[in-house]
Amino acid sequence: LVGSEMCIRDRPTKVSLVCLGVQHEPEAADTYYSMIAKVADGQEDFGEAVAYPTIVKSGGTSTFIASPKDLAYFDHWEFSDGSTTRENPAVFNNVTKNLTGTALFKKYLKVTATQNDRSLGFATVSPQVVMAGETATFEASTEAGGVFQRFDFDDGTSSSDAIVKKIITQDLTGTAIFTARRYFVTVLKDNTGTGNGVATASPLFGVRGTEITFTATPAD
């Protein structure tokens with residue numbers, strides 16, 4: 001604007017870039033790249049993925065964010081340049097190329113405990129929601145009149161232990177199997193019933209597996 005005084009005073013609205021000698025050429029750094037975030041195929045119900053900003057000037061920064069839904073959790077990112085990361089958000093500095101990031105999620109696994117007869121006993125498990133590879137503990141407790149037999153799991157395994165720790169690799173249900181407590185009575189008498197001796201047993205009542213001591217005492 002310091003140019004020709006005549007140009008500015010007489011034709012102020014006609015001043016042009018040509019008159020001022022101003023020119024502009026795009027620099028090499030004025031290159032923009034596309035940032036795309038997506039969810040892995042088949043996992044659309046597990047979560048969402050976004051990149052911000054989606055258009056980045058060369059040398060700029062873009063952030064990839066994965067947001068899980070419901071009982072899903074974020075596992076890792078896979079990028080079109082071959083890199084992977086478990087960081088979330090994943091930040092890319094000094095961007096120099098187009099980039100697509102794929103978010104991969106996993107579902108939390110549900111663990112359930114049940115029993116075949118609630119009147120004889122009950123089963124519990126903790127925790128009830130785990131990540132793949134974590135451990136859950138099943139425990140069986142008897143009610144009066146019940147005897148614990150085993151845990152049957154829907155992965156085809158079983159255990160006779162009342163406390164079972166399982167490494168969880170799928171949704172899993174463990175059913176505690178109980179049976180009714182069986183009692184028996186010991187009847188005592190001598191061999192003739194003529195008073196030639198006395199027979200005793202201790203205890204008189206027991207469950208299957210109880211040890212009984214029998215004693216025979218002859219008369220004088």
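A few notes on this one:
- Among the residues making up region 32-74, those that are hydroxyl-bearing (Ser, Thr, Tyr) and either open to solvent by less than 50 Å² (accessible area, probe 1.4 Å) or more than 10 Å from Ala103 (Cβ to Cβ) (or both) are Tyr32, Tyr33, Ser34, Tyr52, Thr54, Ser58, Thr61, Ser62, Thr63, Tyr73.
- Candidate set: region 121-168, residues that are surrounded by 12 or more Cβ atoms within 10 Å (Cβ to Cβ), touching a residue at least 24 places away in the same chain (Cβ under 8 Å) and not in a strand (DSSP E or B); chosen: the one farthest from the chain's Cα centre (by Cα): Gly145
- Among the residues of region 25-41, those identified as part of a loop (DSSP other than H, G, I, E, B) and modelled with pLDDT of 95 or more are Ala40, Asp41.
- For Arg208, the stated conditions hold: it is open to solvent by 60 Å² or more (accessible area, probe 1.4 Å), modelled with pLDDT under 75 and at negative phi.
- Meets criteria (modelled with pLDDT under 95, hydrophobic (A, V, I, L, M, F, W, C) and surrounded by 12 or more Cβ atoms within 10 Å (Cβ to Cβ)) for Leu20: yes
- Residue list for region 171-194, filter: modelled with pLDDT under 95 and part of a loop (DSSP other than H, G, I, E, B): Arg181, Arg182, Thr186, Val187, Leu188, Lys189, Asp190, Asn191, Thr192, Gly193, Thr194
- Unique residue being out of contact with any Phe, Trp or Tyr (no Cβ under 9 Å at 6 or more places or on another chain), in contact (Cβ under 8 Å) with a residue 24 or more places away in the chain and closer than 26 Å to Glu44 by Cα when the list is Lys110, Lys106: Lys110
- Hey, Thr102 buried (at least 18 other Cβ atoms within 10 Å of the Cβ) and within 26 Å of Val56 (Cα to Cα) or not: yes
- Residue within region 192-199 that is touching a strand residue (DSSP E or B) at 6+ places or on another chain (Cβ under 7 Å), more than 30 Å from Ile36 (Cβ to Cβ), without any contact (Cβ under 8 Å) to a residue 40 or more places away in the chain and open to solvent by 50 Å² or more (accessible area, probe 1.4 Å) present: yes
- Listed here are the strands (runs of 3 or more DSSP E) enclosed by region 56-107 that have at least 1 residues being over 22 Å from Tyr32 (Cα atoms): 62-68, 72-79, 99-107.
The values are calculated or read from the model by the stated rules, or taken from the named source; none is laboratory data. Please read these numbers as outputs of a predicted model, since none were measured by experiment. Positions of Cβ are generated from backbone atoms using ideal geometry, with glycine treated the same way; all protein chains shown enter the neighbour counts. In case anyone asks, the SASA skips ligands and DNA or RNA and just uses the protein heavy atoms, side chains included. Shrake-Rupley method; radii C 1.70, N 1.55, O 1.52, S 1.80 Å.
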